[in-house]
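Taking it in order: structure first as structure tokens, then the write-up.
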Amino acid sequence: MIETQLLSGTAVASTVKEEVAERVSVLNGRGKSVGLATVLVGEDPASEVYVRNKRRTAEKLGIASIHHQLAADTPQSEVDDLIVRLNQDPAVDGILVQLPLPDGLDGERAVNLIDPAKDADGLHPTNLGKLILGQPGLTPCTPTGVMRILDHYGIGVSGKHAVVIGRSFLVGRPLAMLLNQKGTDATVTMAHSRTPDLAALSRTADIVVAAVGVAKLVGPDFVKPGATVIDVGINRTEDGLVGDADFEALQGIAGAITPVPKGVGPMTVAMLMSNTASAAEAAIT
């Protein structure tokens, strides 16, 4: 039986945060403070938890947390004006607008208003376009975190076949580009809910990425022996949080797997901090 390796995102995130703290210290030594602005509209409990976690992490790493909380009935024009002001504020290096916004507000518009150089989430069309072109820029946090996990654990990507299940612009599409770009060199198949015989396709992969939001979708029939499984899904069930992969059922089949929680999730926040540091470094070069 295969011994399945646990790919701990918590451990990798700790390493990334140590690196960010050192980078921030170097910037401070050059007279440059680093600031992350967070914008939270409304009182969604989950969003409040996410933003609080990001702010605490920033402060621990020496990054100033500049928070703006707006009422749920704030008009779009006020959200837009705030983002423009943050773009112009030299104390702000990274900007994060917590999505989704309340009904009646346009989250896509808000993200598009962010200065691409301050796009801490890496989701501005300019930065996504640079990713497609293979140009340097701020990259989406979760996909970049997945790549860092693979690198940290020495899981080779070049020449491997990766099947990415899910095609969102948050994870699936940018991750496919990162896996496929020159120098990384995986052969990538993007799959989704309408892919015929999804399990059979997935079984051809050396690396399976599950990012569709369906609890325990990826089971033993999706994974060939020894393949690496990256589980990006977070699903709340009566049994607690579970991923898109059936973690227990894949023990002894997968060569390596990320858990849920403590897998990819911690990497998203860590890479947000890394992007903010990168934006600050670019601002003084």
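The values are calculated or read from the model by the stated rules, or taken from the named source; none is laboratory data. These figures come from a predicted structure and were not determined experimentally. A quick note on method: Cβ atoms are made from the backbone with ideal geometry, for glycine too, and the neighbour counts reach across all protein chains shown. Calculation scope for accessible area: heavy atoms of the full protein, side chains included, ligands and nucleic acids excluded. Shrake-Rupley method; radii C 1.70, N 1.55, O 1.52, S 1.80 Å.
Of note:
- Principal-axis tilt of helix 9-29 within the chain, Cα atoms, nearest 10 degrees: 30
- Expressed in units of 2.2 N^0.38 Å, where N is the residue count, the Cα radius of gyration of the chain is 1.01.
- Computed label-point distance, nm, for sites residue 214 and residue 30 using a 7 Å Cα→Cβ extension: 4.7
- Value at 222 nm in deg cm²/dmol, rounded to 500, when DSSP H runs of n ≥ 4 in the chain each add -39,500 (n - 2.57): -12000 deg cm²/dmol
- Debye intensity ratio I(q)/I(0), log10, the stretch 1-134, q values 0.12, 0.15 Å⁻¹ (C-alpha model): -0.55, -0.82
- Protein heavy-atom surface of the chain, 1.4 angstrom probe: 52% of the accessible area is carbon and sulfur, with nucleic acids and ligands not counted.
- Alpha-carbon centroid distance for the pair the stretch 74-112 / the stretch 210-285, whole angstrom: 28
- Rounded if a/c under 1.5, otherwise prolate or oblate - the stretch 1-59, Cα gyration tensor axes: oblate
- Cα gyration tensor category, rounded, prolate or oblate, for the stretch 40-84 with a/c compared to 1.5: oblate
- Per residue, the chain exposes 46 Å² of accessible surface when a 1.4 Å probe is rolled over the protein heavy atoms with every protein chain present.
- FRET efficiency, residue 67 to residue 1 (Cβ-Cβ, R0 45 Å, nearest 0.05): 0.35
- Within the stretch 210-285: Cβ-based charge dipole about Cα centre, in debye rounded to nearest 20 (Lys, Arg +1; Asp, Glu -1): 140
- In order along the stretch 76-90, the phi-based Karplus estimate (6.51 cos²θ - 1.76 cosθ + 1.60, θ = phi - 60°) of 3J(HN,Hα) comes to 4, 4, 6, 4, 4, 4, 4, 4, 4, 5, 5, 4, 8, 7, x Hz; Gly and Pro are listed as x.
- Summarising the strand pairing of the chain, around 10 percent of its internal DSSP beta bridges are antiparallel.
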